[in-house]
Amino acid sequence: MNVTPRMIQFGKPIIGDDEKQLVWSVLESGLLVHGPHIKEFEASFAAFTGAQQAVGVANCTAGLHLCYFAFGIGPGDEVIVPAMTHTATAHAPELVGARVRFVDVDRTTGNIAVDALEAAIGPQTRAISVVHFLGLPADMPRIIELARRHGLKVIEDCALAVGSRIGDRHCGLWGDAGCFSFYPVKHLTTAEGGMVISRDADLAARIRHVRAFGIDRHQLERTIPGEYDVTALGFNYRMSEVHAALGIVQMRRLPYFLERRKQNYERLLNALRELSEIELLEMPAPHVVHSHYCLSVVLKPELSSKRYEIIRDLNRSGVGTSIYYPKPVPHLRYYREKYRLPENAFPNAARIAYQSIALSVGPHLGPEDMDYTAEMLKTAIWRNRV
Ligand SMILES: *Cc1c(COP(=O)(O)O)cnc(C)c1O
């Protein structure tokens, strides 16, 4: 077949002149933290999501850590975490000394399996961590109902859920708090950065307080420079003005980013839908809005032993790929050695980890890139058929 080769990077931040100019002006101003840009970025993110409260933080992991800390969750407590996610989702409760209770995910969506979640709730359970897997919203109405019945906190890991909604409520506003990531390959970037959103003003105030050492007043509120007291144990998990400046401009590009992702995703999905060697993680309901982080194809078992060959063929033909995520979290060495759970306890998480290939639908790509990706995947599968 005659197809012109293309180079398709899996993730590529889009940084333009507007970002450069605003970052430059921050650097020129000399006001690198505690300035107006963090406030503007928070306001802009709150407006986009409809959040009453938005708190900028150093990264999503810091945001998750702050939530567990602010809830006073610690040793003796248990937090339920899906087995298929980024390691940060599990690290955050571990960092406050809580134990993680892993639950398998749903086979068709990759989101936490709600029946298994209910069965995992025990006397020590204090919170449920929900991940919107690859931007596909989890079944929040059911999870919130469960949490209410058992008196549990709900923390949403929204690292890949910018623009994800159920009905008109944005992900992160169903539970007690939602944490977003602005790492370079995510929906928008501040290089490193994160945001915690919430409907709860008291929680947001506590997070703001412990985000900056537990100091009793903001720098601008000090009448005598350098004079302050510390009223709580805290971190330095602030976001700088330089990072916030990037975020302000990226927010203006966000509607375009999300639209491009959606169009790319639909085009790639249509091109792959009839491919009998793969399965796709599907949308659960029509009133649910997906953020289209990537399109993850799950190879059928007979082909999964050839996954690395297929990935190498794709990469050789210029199609960048990734794996979300490379192991179920309980299979990662730290968690394997700490919890010693049976290897086969999370079959749906294992299927995604060991049989899937993530294809990019990022805003740096267009329709021809999607057609090329689909063609190259078909070719690679054909070459490695068993
Ligand atoms: C990327 C990611 C994180 C970590 O985000 P950072 O901003 O790098 O801390 C956490 N959870 C999920 C689901 C992620 O994909």
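How much accessible surface area, in Å² rounded to 10, belongs to the heavy atoms of S29 with a 1.4 Å probe?
Surface accessible to solvent at S29 totals approximately 70 Å².
For labels at R383 and Y334 in the simple 7 Å Cα→Cβ model, what's the distance in nm?
3.7 nm
Report the local net charge at Y354: Lys and Arg +1, Asp and Glu -1, summed over other residues whose C-beta lies under 13 Å from its C-beta. Numbers along the way, then the final one.
On the way: positive: K300, K306, R307, K327, R351; negative: E343.
Summing Lys/Arg as +1 and Asp/Glu as -1 gives +4.
What does the accessible area per residue of the chain come to in Å², with a 1.4 Å probe and no ligands, DNA or RNA counted?
Details: 16970 Å² over 386 residues.
That works out to 44 Å² for each residue.
Give me Rg over Rh for the chain, both radii from the alpha carbons and Rh done the Kirkwood way, two decimal places.
Working: Rg = 21.4 Å, Rh = 21.8 Å.
That ratio equals 0.99.
What is the calculated FRET efficiency for R312 to D17, with r their C-beta to C-beta distance and R₀ = 35 Å, to the nearest 0.05? Mind dumping the intermediate values first?
Details: r = 37 Å, r/R0 = 1.07.
Working from the Cβ atoms, E equals 0.40.
Counting only protein heavy atoms and a 1.4 Å probe, tell me what percentage of the chain's accessible area is made up of carbon and sulfur. Don't skip to the end; give the middle numbers.
Numbers: 8830 of 16970 Å².
Reported share for carbon and sulfur atoms: 52 percent.
Once you have a ≥ b ≥ c as the square roots of the Cα gyration tensor eigenvalues for region 75-138, tell me rounded if a/c is under 1.5, and otherwise prolate or oblate according to whether a/b is larger than b/c.
Values: a/c = 2.69, a/b = 1.43, b/c = 1.87.
Cα axes put region 75-138 in the oblate bin.
Loop sites only, by DSSP: take the trypsin sites (Lys or Arg not before Pro) in the chain that have at most 10 other C-beta atoms within 10 Å and name the longest stretch containing none of them. Working shown, then result.
Values: sites that count: R273, R340, R385.
Between the exposed loop sites, the longest stretch runs 1-272.
Do any GluC sites (Glu not before Pro) in region 253-347 lie in a DSSP loop with no more than 12 other beta carbon atoms within 10 Å, and if so, which?
Details: sites: E259, E266, E274, E277, E279, E282, E302, E309, E337, E343; in loops: E274, E277, E282.
Here the sparse-neighbourhood loop sites are E274, E282.
Evaluate Rg over Rh across region 200-269, taking Cα atoms for both radii and Kirkwood's formula for Rh.
Details: Rg = 19.0 Å, Rh = 15.3 Å.
Reported Rg/Rh, Kirkwood definition of Rh: 1.24.
Given a Förster distance of 56 Å, report the FRET efficiency between E145 and T223 from their Cβ-Cβ distance, rounded to the nearest 0.05.
On the way: r = 48 Å, r/R0 = 0.86.
Given R0 = 56 Å and the Cβ-Cβ separation, E is 0.70.
Two decimals is fine: what is log10 I(q)/I(0) at q = 0.13, 0.15, 0.16, 0.22 Å⁻¹ for region 248-386, from a Debye sum with one equal scatterer on every Cα and no solvent?
Relative scattering, expressed as log10 I(q)/I(0), comes to -0.64, -0.82, -0.90, -1.32.
Using a 7 Å offset from the Cα along the Cα-to-Cβ direction at both D202 and L275, what is the distance between the two label points in nm, to one decimal?
5.1 nm
Just going by the charge dipole of the chain, with Lys and Arg at +1 and Asp and Glu at -1 on Cβ, which of G366, P255, L268 is farthest out on the positive end?
L268
Computed FRET efficiency, Cβ-Cβ of S305 and E266, R0 35 Å: what is it to the nearest 0.05?
Details: r = 31 Å, r/R0 = 0.87.
Efficiency at R0 = 35 Å is approximately 0.70.
If I model a spin label at A46 and V185 as a point 7 Å from the Cα along the Cα→Cβ vector, what separation in nanometres do I get?
It is 3.3 nm.
Which one of V289, P328, Y339 is farthest out on the positive end of the charge dipole of region 257-373, using unit charges on Cβ (Lys, Arg +1; Asp, Glu -1) and the Cα centre as origin?
My answer, from the dipole projection, is Y339.
Cross-link candidates for K306: which lysines have Cα within less than 26 Å, leaving aside residues fewer than 8 places away along the same chain?
Cα-Cα hits under 26 Å: K327, K378.
The values are calculated or read from the model by the stated rules, or taken from the named source; none is laboratory data. Because the structure is predicted, anything quoted here is derived from the model rather than measured. With ideal geometry, Cβ positions are generated from the backbone for all residues, glycine too; neighbour counts draw on all protein chains shown. Note: areas computed on protein heavy atoms with side chains; ligands, DNA, RNA excluded. Shrake-Rupley method; radii C 1.70, N 1.55, O 1.52, S 1.80 Å.
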